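Trainee: Okay, handing you the structure first.
FYI, it's all coordinate maths here, none of it is from the lab. Bear in mind that the values here come from a model prediction, so they are computed numbers and not experimental data. As a convention, Cβ positions derive from the backbone with ideal geometry for all residues, glycine included, and neighbour counts pool all protein chains shown.
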Amino acid sequence: MKYYETRHIFLAIAVMIAIASPLLLGFVPQTIVDLIHYKKGIWHVYVPTEAYPVYAVGLLLLFLSPLLLFLMRNSKVAILLSICCILFSGITFFTASQAYTLLSEDSLSYAPLFSMKDHIYTWDEVEKIIYYEADEGEMSDYEFLFHDGNSIKIKDDLYLSGYGFKLRDQLEKMNLNVEKVKKTSSVP
């Protein structure tokens, strides 16, 4: 029978986090944003693409926490660094969760990454809607332009197809037309 040191448990935890991280990065950001921002009447809350690398940094810090305990043989410095990694990971997740794009029956809103300001617009404030039609195999985009010059871009993905009829009804009710444009490589 072999007896393993306690530090080997931390190595196992680090390996499990490393293996699970790609899977977690696929659904944890959306789950966190939904928990924080979703309320009745909201069609969908999107996680901006630029928030995913921030979530990845948070997962990297979670991975480093037990790895440091393993590599530094549970020393006091390792414990302190591990706690710091966990705290910074939490701060990173919180920061990334504050970025969102939200569509609801009353408004469209967004908060850019690393900004504490929410931009909230009613449907009356929408000046123009552009639909960037993509080639086969690529994703099309909607761009909502507002009277103050700001805009929101939303991917025409499976999430949007789930409530697309609500969006079309809202656009019809507000008498807003969608301008269709062929998507080029310069348009994100």
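Trainee: Using just the C-alpha positions of region 118-182 as equal point scatterers, what log10 of I(q)/I(0) does the Debye formula give at each q in 0.20, 0.22, 0.23 1/Å?
Mentor: -0.85, -1.02, -1.10
Trainee: Now for a separate question. Apply the Karplus parameterisation 6.51 cos²θ - 1.76 cosθ + 1.60, with θ equal to phi minus 60°, to every residue of region 156-162 and state each ³J(HN,Hα) to the nearest whole Hz, in sequence, with x for glycine and proline.
Mentor: Residue by residue, region 156-162 yields 8, 10, 5, 4, 5, 5, x Hz.
Trainee: Under the Karplus relation 6.51 cos²θ - 1.76 cosθ + 1.60, θ = phi - 60°, what is the ordered set of whole-Hz ³J(HN,Hα) values for region 17-26, x standing for Gly and Pro?
Mentor: 5, 4, 6, 7, 4, x, 5, 4, 5, x
Trainee: Can you divide the C-alpha Rg of the chain by 2.2 N^0.38 Å and report the result to two decimal places? It would help to have the intermediate numbers written out before the result.
Mentor: Numbers: Rg = 21.5 Å, N = 188, 2.2 N^0.38 = 16.1 Å.
My calculation over the Cα atoms of the chain gives 1.34.
Trainee: Next question. Quick query: amide H of E127 versus all other amide H atoms, modeled in the peptide plane; which residues come in under 5 Å with a sequence gap of 5 or more or a different chain?
Mentor: Those lying under 5 Å, H to H, from E127 are L145, F146, H147.
Trainee: Taking amide H atoms as placed 1.01 Å from N in the peptide plane, list the residues 5 or more away in sequence, or in a different chain, whose amide H sits under 5 Å from that of A99.
Mentor: Distant-sequence amide H within range of A99: zero hits.
Trainee: Which of K155/K182; K117/K173; K153/K180; K153/K182 have a Cα-Cα distance over 18 Å? Write down the numbers at each step before the final one.
Mentor: Values: K155/K182 15 Å; K117/K173 29 Å; K153/K180 14 Å; K153/K182 15 Å.
Beyond 18 Å: K117/K173.
Trainee: Using per-residue counts of other Cβ atoms within 10 Å, averaged over each peptide, order 26-32, 108-114 from highest down.
Mentor: Working: 26-32: 15.0, 108-114: 17.9.
In descending order of packing, they fall as 108-114, 26-32.
Trainee: Could you list L160, L35 in order of exposure, starting from the residue whose Cβ has the fewest other Cβ atoms within 10 Å?
Mentor: Working: L160 19, L35 10.
Placing the least packed residue first, the sequence is L35, L160.
Trainee: Just to verify a number: FRET efficiency for V15 and R168, C-beta to C-beta distance, R0 = 41 Å, to 0.05?
Mentor: Values: r = 48 Å, r/R0 = 1.16.
FRET efficiency, V15 to R168: 0.30.
Trainee: Go through region 134-146 residue by residue and turn each phi into a ³J(HN,Hα) via Karplus (6.51, -1.76, 1.60, θ = phi - 60°); whole Hz please, and just put x for glycine and proline.
Mentor: So the J values, rounded to whole Hz, are 8, 6, 4, x, 10, 9, 7, 10, 9, 10, 9, 9, 10.
Trainee: In terms of modelled amide H atoms, which long-range or inter-chain residues lie less than 5 Å from the amide H of S140?
Mentor: Placed amide hydrogens put A134, D156 under 5 Å from S140.
Trainee: Still on this model: Could you tell me the center-to-center distance, by alpha carbons, between region 15-47 and region 77-101 in angstrom?
Mentor: About 16 Å separates the Cα centre of region 15-47 from the one of region 77-101.
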